[in-house]
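Some notes on the structure that comes next.
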Amino acid sequence: MGRRKKIVQECERLMDKPENIRNIAIAAHVDHGKTTLTDNLLAGAGMISQDTAGEQLAMDTEEDEQERGITIDAANVSMTHEYEGDNHLINLIDTPGHVDFGGDVTRAMRAVDGALVVVDAVEGAMPQTETVLRQALREGVKPTLFINKVDRLISELQEGPQEMQDRLLSVIHDVNELIRGMTEEMDDITEDWTVGVEDGTVGFGSALYKWGVSMPSMQRTGMDFGDIIDLERADKRQELHDRTPLSDVVLDMVCEHFPNPLDAQPRRIPRIWRGDAESDLAGTMRLVDEDGELVMMVTDIGIDPHAGEIAAGRVFSGTIEKGQELYVSGTARQNRVQSVGIYMGGEREEVERVPAGNIAAVTGLKDAIAGSTVSSVEMTPFESIEHISEPVITKS
Ligand code: GDP
């Protein structure tokens, strides 16, 4: 069996274990390193070649794909990562990096439960950092922080340990001020969502040179900031990467600190859906019940050269399968599911079924647009993502 097939099988196995799933987004101010970090994570999870990570997205799976030079659409990617001896399925949704924010980022946030916020160590928190944090928190999505481009503090700005520490702490402080201000009024967020070095919700490193650290990783590897400064100054970046690879540090942080769908959905559903909280549907969505009625929120419509329009989104309840006749909010007809798939390192891979708690890529939903609620029974749609009031269409 080919390596790709094995990964698909493993993803399919993990899809039925919501406690092992993390649906996440990476969000950042433009140029802070989101794309470079994403490539690193994919390479670390074995989805793309280590050598090309940071230069281009290239699949390292089937030889013919490499030869054909398929370019990967990084909008949605799934990967597996072993954390504490247990494999996890990480579904990563890309958020647009350009300045034209608004609907697209919020839409991506609807599909995920955790947002890794990337901040450039030199620039610090910028206006779009605030925007993406606000969009995440409004959707009930938990943040963690990765401070990127730390290599520049060492090699370019020639900062010593104390200066570096002061700068990093001030970035964390600024981000926490934002988080604190935004979560203050949110009654459903009862935990402290500010980030901290001690609890491991902050990572530091260099996406360009592929190394990263966090408090737990430093404890594990025995490396401290002094070692990092020495190696970076000596231009021993490969050694830094080998001793403390960025992807391990970040993916461990994702598994440890982001909620799984079972933890997230009971809190998120009342925030994003205003239907009858006492109904069976509310119950199956809160419980991530794969045997319940199908409820999916479409967050992105993509075009596949072979399969045509692909509706990607989060399955909140039930299981989506080929042949199902589903309602699409705002339209009177039902659509028939032609195929269901998952994203594997950016490429769609057809599977038999996608249960609640996962991200599905579906063909056949002709009437769906980004923002549509797709369901096996007529239902109150999810809250409008762009906060535009839409006319209510009564279905016959
Ligand atoms: P995005 O706009 O957030 O996706 O940012 P990119 O990943 O495209 O990175 C923007 C620029 O910063 C590129 O030139 C990267 O090579 C560079 N960059 C990204 N990460 C790092 C890093 O850790 N250190 C340094 N020195 N440069 C980086």
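The values are calculated or read from the model by the stated rules, or taken from the named source; none is laboratory data. Please read these numbers as outputs of a predicted model, since none were measured by experiment. Here Cβ is always computed from backbone atoms with ideal geometry, including for glycine, and neighbour counts include all displayed protein chains. Surface areas here come from the heavy atoms of the whole protein model, side chains and all, with no ligands, DNA or RNA. Shrake-Rupley method; radii C 1.70, N 1.55, O 1.52, S 1.80 Å.
Here are the numbers:
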| read-out | value |
| --- | --- |
| Tally, over the stretch 270-288, of residues that are polar (S, T, N, Q) and open to solvent by 30 Å² or more (accessible area, probe 1.4 Å) | 1 |
| Candidate set from the stretch 180-235 (those that are in contact with a strand residue (DSSP E or B) (Cβ under 7 Å, 6 or more places away or on another chain) and aromatic (Phe, Trp, Tyr)); member that is nearest to residue 161 (Cα to Cα) | 204 |
| Qualifying residue in the stretch 330-340 (condition: open to solvent by less than 30 Å² (accessible area, probe 1.4 Å), without any contact (Cβ under 8 Å) to a residue 40 or more places away in the chain, assigned to a strand (DSSP E or B) and under 16 Å from residue 91 (Cα atoms)) | yes |
| Residue list for the stretch 176-212, filter: part of a strand (DSSP E or B) and modelled with pLDDT under 95 | none |
| Test result for residue 204, in contact (Cβ under 8 Å) with a residue 40 or more places away in the chain, crowded, with 20+ Cβ neighbours inside 10 Å and among the aromatic types (Phe, Trp, Tyr) | yes |
| Search result, residues across the stretch 132-152 that are at pLDDT 95 or above, part of a helix (DSSP H, G or I) and hydrophobic (A, V, I, L, M, F, W, C) | 150 |
| For residue 396: the one exception among (1) modelled with pLDDT under 95; (2) touching a Ser or Thr at 6+ places or on another chain (Cβ under 9 Å); (3) surrounded by fewer than 21 Cβ atoms within 10 Å (Cβ to Cβ) | (2) |
| Pick from the stretch 102-123, criterion open to solvent by 10 Å² or more (accessible area, probe 1.4 Å) and at pLDDT 95 or above, ranking: farthest from residue 297 (Cα to Cα) | 122 |
| Pair list, Cβ < 8 Å and 6+ apart or interchain, from the stretch 162-183 residues that are within 22 Å of residue 140 (Cβ to Cβ) to residues that are at pLDDT 95 or above and hydroxyl-bearing (Ser, Thr, Tyr) | 176/194; 179/194; 180/194 |
| Checking residue 285 against (1) in contact with a Gly (Cβ under 8 Å, 6 or more places away or on another chain); (2) of a type outside the set (Phe, Trp, Tyr); (3) under 21 Å from residue 162 (Cβ atoms), the condition it does not meet | (3) |
| Odd one out for residue 168 among (1) at pLDDT 95 or above; (2) under 21 Å from the mean Cα position of the chain (by Cα); (3) within 23 Å of residue 246 (Cα to Cα) | (2) |
| Search result, residues across the stretch 256-269 that are surrounded by fewer than 22 Cβ atoms within 10 Å (Cβ to Cβ) and under 22 Å from residue 118 (Cα atoms) | 256, 257, 259, 260 |
| Residue within the stretch 139-151 that is exposed (fewer than 15 other Cβ atoms within 10 Å of the Cβ), closer than 26 Å to residue 269 by Cα and more than 14 Å from the ligand (Cβ to nearest atom) present | no |
| Where residue 333 falls short, out of the listed (1) more than 25 Å from residue 3 (Cα to Cα); (2) modelled with pLDDT under 95; (3) under 21 Å from the mean Cα position of the chain (by Cα) | (3) |
| Of all residues making up the stretch 133-149, the number that are in contact with a Phe, Trp or Tyr (Cβ under 8 Å, 6 or more places away or on another chain), in contact (Cβ under 8 Å) with a residue 60 or more places away in the chain and not polar (S, T, N, Q) | 2 |
| Complete set of residues in the stretch 16-38 that are more than 9 Å from the ligand (Cβ to nearest atom) and among the polar types (S, T, N, Q) | 20, 23 |
| Qualifying residues in the stretch 352-369 (those that are outside any strand (DSSP E or B) and not charged (D, E, K, R)) - the one farthest from residue 110 (Cα to Cα) | 364 |
